[in-house]
Each structure stands twice: as C-alpha cells, then as structure tokens.
Amino acid sequence: KKYNFNSGPSILPQEVLDQAAAAVHDFNGIGLSILEIGHRTNWFVDTINEARSLVKELMGLGDDYEVIYLQGGGTTQFMQVPMNLLDNDATAAYINNGIWGRKAIQEAKYFGNVNVVSNTEDKNNSYIQKDFTVPADAPYLHFTGNNTVEGTEWFTEPISNGVPLIADMSSNIFSRPMNFDKYDMIYAGAQKNIGSAGVTIVVVKKELLGKIKRPIPPIMDYREHIKAESLLNTPPVFSILVSLLTLKWIKKEGGLEEMEKRAVARSTKFYNYLDESNLFRPLVVKEDRSRMNATFTIDDKTLENAFLDECKANGMVGVKGHRSVGGLRVSMYNALPMEDLEALISLMKNFEAQKG
Ligand code: PLP
C-alpha cells in the first residue's frame with residue numbers, strides 16, 4: 001500500500017474502503033450490490049437520508065437548514081450559486097485567495113456583477129487578508145474556506161457586514177468544529193474529507209432561496225432538490241454510500257473535535273519540520289497555514305525533482321504541487337494516519353541530510 005498525500009480524490013479510512021467493497025458485493029445483506037439497487041428503494045432512501053441527517057448533526061444545525069446531495073463537483077457550485085442567488089443587476093462580493101476562488105468569480109460574472117472585496121494575488125495568495133469591507137447591499141459574500149492549491153486556510157469566518165456568507169469548504173469540511181450557523185450556505189465536493197468523487201454536499205439556509213427574479217431550470221434550482229429530498233434525478237448511489245460511511249467513521253472516531261486534534265497534531269509536526277529545515281521552504285505565512293494542504297518548495301529545482309523521485313521510489317504519492325503553481329504539496333486530510341506523515345518527514349530529513 002502507498003502513502004497517500006493526494007489533494008483529492010484522497011485518502012479514505014481503511015474501514016470505509018472495506019465496507020464500501022463489501023457493499024459492492026452485497027449491500028447490507030440484501031442480496032444485491034449497492035451498484036444494482038434502485039435509488040427510490042427504501043434501501044437507498046434510508047442511506048441518503050441518514051447521510052443528510054448526519055451532516056446536519058455533525059454541523060449542529062437545526063431545521064432552518066437543508067442538506068442536499070448534488071452532482072457536478074465543487075465546480076458546478078461556482079455556477080449554481082450565482083444562478084440561484086445573484087440577479088443580473090446585483091453585485092455579489094467575492095474573495096480571491098486562489099485558483100478556486102477565481103474560478104467561482106469567473107462563473108458568477110455570467111449571472112451578475114462581482115465585487116472582489118479581497119485579493120491576495122499580490123503575494124501569490126500566500127496569506128489571508130482579514131480586513132476589508134463588504135457592501136451591505138451585496139446578496140452574498142463568497143469565499144474559499146481552505147485554499148487547496150495555495151495552502152492557506154481561514155480559521156475564523158470573514159467579517160461579512162451582515163451579508164449572507166457562502167463558503168466553498170471542499171477541502172476543509174469536517175476537519176474541525178466550526179460556527180456552521182454563521183453560514184448561509186456551505187458546499188463541498190466529497191472527494192477529500194467526506195467520501196469519494198461524484199457527489200457534492202450543499203447545506204443551505206432555507207430563507208436564502210427564492211429571492212431573485214431569474215427563472216431557474218429545475219435541475220439547477222436548489223429548491224427543487226430540497227423538495228425532492230436529493231432524488232430529483234438518479235443520484236450517484238455509490239458515492240453517497242461512501243459519503244455516509246465516511247461521515248459515520250468521523251462520528252465514531254470522536255467527531256469534529258477529534259478530527260481537529262488530529263489535524264493540529266499532524267500539521268504542527270509537519271510545519272515545525274519545514275520551519276527548521278534548511279532545504280524545504282514553506283510558502284505560506286505562519287498564521288494562515290492550512291492544516292489540510294501544506295505547500296512548500298526547494299529553491300533548487302533539480303533537487304526538487306530528485307526529491308519527487310525519492311518519494312516515488314518510497315511509495316509516497318501526491319507530493320507534487322498543483323500544476324498551476326508547481327513546488328511541493330502534502331495533503332493531510334482526516335484519514336491520514338500520523339505514522340504516514342512521520343514516514344514522509346523522516347524521508348525528508350534523510351534527503352536533507354544527504355543533499356541539503
Ligand atoms: N473548490 C476547492 C476548494 C477545491 O479544492 C476543488 C478541487 O480540488 C474544487 C473546488 C473543484 O472541485 P471539483 O473538481 O469537485 O469540481
């Protein structure tokens with residue numbers, strides 16, 4: 001088995017993999033594979049409803065919120081959010097902290113106006129700006145909770161001036177307890193902390209919807225998905241099961257408090273080594289470093305390539321930075337065992353001793 005530092009799809013708990021594999025053969029002992037059952041059978045309806053209520057439970061949210069499972073990944077949400085919430089003549093507030101936020105901004109411009117209230121491109125998105133002003137008449141403020149590519153993370157909510165807050169939490173959802181009730185909408189592709197690719201969780205405060213003039217095609221309309229309890233059309237049945245299994249694993253392991261403890265332990269250990277290293281250089285200012293994705297570099301690119309070869313030879317995958325920024329990146333999602341990270345750090349130390 002490899003050491004998996006991929007940014008997503010990424011590492012899943014071994015027991016989730018085992019349970020998912022068993023369900024492919026025989027789902028809950030019913031004599032059918034999860035891949036074979038109808039999505040409107042009680043077998044599946046119970047599965048998706050359990051997953052939806054577990055999301056709410058882990059977030060500690062009440063009946064004013066709805067949880068839906070959608071397809072199309074985080075990227076579709078970049079478009080679906082403004083389609084549902086931004087009128088042609090209105091101006092939404094967006095934060096540009098990196099590649100995913102910029103994609104969301106580009107998509108929003110198809111539907112209305114965008115006011116980029118914070119932009120950290122001046123320093124390669126290596127920090128989070130916390131002081132900026134959001135116009136009170138913006139229909140919402142959109143931001144990326146964790147910048148998977150650049151390696152920065154928000155540890156408090158942005159000050160939104162009373163404007164509804166929308167977060168793309170694709171890469172840090174359920175990595176720690178958060179003030180989920182401060183958000184009006186949260187979305188996340190499942191393939192990092194909450195399952196496998198193919199399904200996206202959307203959590204939305206009901207009162208946010210139905211306020212714009214644009215007619216919305218039903219398949220794109222959050223209200224239709226809420227009404228149909230995420231069964232408007234055939235959902236990705238298997239991905240939703242894997243999501244349920246992953247959510248149950250989080251709960252069983254001790255919930256979000258335990259996920260945070262582990263994330264702090266892993267990221268502290270990793271960044272401490274980066275800070276003391278004379279070879280590897282972290283890219284993000286200390287206070288904004290992501291607990292999920294650590295970005296760093298070796299300034300000598302020949303050595304960086306040699307290091308990647310060394311990782312490959314030792315079964316360590318996913319250490320190369322995103323193609324848009326280069327460098328190195330280590331993802332440390334919920335399911336990453338501390339021993340795997342320690343094995344990588346020890347490889348880095350040996351490499352530094354030999355080449356540094
Ligand atoms: N948002 C963030 C923060 C991401 O990290 C990613 C992908 O890695 C996306 C959105 C895009 O997600 P998808 O590929 O599911 O569309």
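The values are calculated or read from the model by the stated rules, or taken from the named source; none is laboratory data. Here the structure is a predicted model, which means the values were calculated and not measured. Here the Cβ positions follow ideal geometry from the backbone for every residue, glycine too, while neighbour counts run over all protein chains shown.
Determine whether V199 is within 15 Å of L247 (Cα to Cα) and within 11 Å of the ligand (Cβ to nearest atom). Step through it out loud before you land on a result.
Working: within 15 Å of L247 (Cα to Cα): yes; within 11 Å of the ligand (Cβ to nearest atom): yes.
It is true that V199 is within 15 Å of L247 (Cα to Cα) and within 11 Å of the ligand (Cβ to nearest atom).
Is it the case that L54 is at pLDDT 95 or above and surrounded by 22 or more Cβ atoms within 10 Å (Cβ to Cβ)?
Judged against the criteria, L54 is not a match.
Against the conditions (1) under 28 Å from I173 (Cβ atoms); (2) touching a residue at least 12 places away in the same chain (Cβ under 8 Å), where does P337 fall short? Just the number, please.
Going through (1) under 28 Å from I173 (Cβ atoms); (2) touching a residue at least 12 places away in the same chain (Cβ under 8 Å) one by one, P337 breaks only (2).
In segment 217-240, how many residues are in contact with a Lys or Arg (Cβ under 8 Å, 6 or more places away or on another chain) and aliphatic (A, V, I, L, M)?
Of the residues in segment 217-240, 2 are in contact with a Lys or Arg (Cβ under 8 Å, 6 or more places away or on another chain) and aliphatic (A, V, I, L, M).
With away from the ligand (no atom under 13 Å from the Cβ), surrounded by fewer than 20 Cβ atoms within 10 Å (Cβ to Cβ) and either polar (S, T, N, Q) or not assigned by TED's automatic domain parsing to the domain that holds E258 (or both) as the only criterion, which of D89, D184 stands out?
Answer to the selection: D89.
Could you grab me the full set of residues in segment 189-226 that are closer than 19 Å to L61 by Cβ and loosely packed, with under 15 Cβ neighbours inside 10 Å?
Correct list: K206, E207.
Please verify whether Q71 is polar (S, T, N, Q), closer than 30 Å to E50 by Cβ, within 16 Å of the ligand (Cβ to nearest atom) and touching a Pro at 6+ places or on another chain (Cβ under 9 Å), treating the condition exactly as stated. It would help to see each step written out before you state the result.
Numbers: polar (S, T, N, Q): yes; closer than 30 Å to E50 by Cβ: yes; within 16 Å of the ligand (Cβ to nearest atom): yes; touching a Pro at 6+ places or on another chain (Cβ under 9 Å): yes.
When the stated conditions are applied, Q71 passes them.
State all residues of segment 8-48 that are under 12 Å from L244 (Cβ atoms) and loosely packed, with under 15 Cβ neighbours inside 10 Å; if no residue qualifies, say none.
Listed by number, the residues that qualify are N28, D46.
Spot the failing condition for T133; the list is (1) surrounded by 15 or more Cβ atoms within 10 Å (Cβ to Cβ); (2) more than 16 Å from the ligand (Cβ to nearest atom); (3) of a type outside the set (D, E), and only one is missed.
The number of the failed condition is (1).
Is there any pair linking a residue in segment 226-251 that is touching a residue at least 60 places away in the same chain (Cβ under 8 Å) to one that is surrounded by 22 or more Cβ atoms within 10 Å (Cβ to Cβ) and aromatic (F, W, Y), with Cβ under 7 Å and at least six apart or on different chains, and which?
Pairs that qualify, where the first residue is touching a residue at least 60 places away in the same chain (Cβ under 8 Å) and the partner is surrounded by 22 or more Cβ atoms within 10 Å (Cβ to Cβ) and aromatic (F, W, Y), are S230/Y69; P235/Y69; I240/Y69; I250/F174.
Taking the condition away from the ligand (no atom under 16 Å from the Cβ) and within 24 Å of F5 (Cα to Cα), does Y140 pass?
No.
Q77 is checked against (1) of a type in the set (S, T, N, Q); (2) within 24 Å of the chain's Cα centre (by Cα); (3) more than 24 Å from L241 (Cα to Cα) and fails just one. What number does that condition carry?
Q77 satisfies every listed condition except (3).
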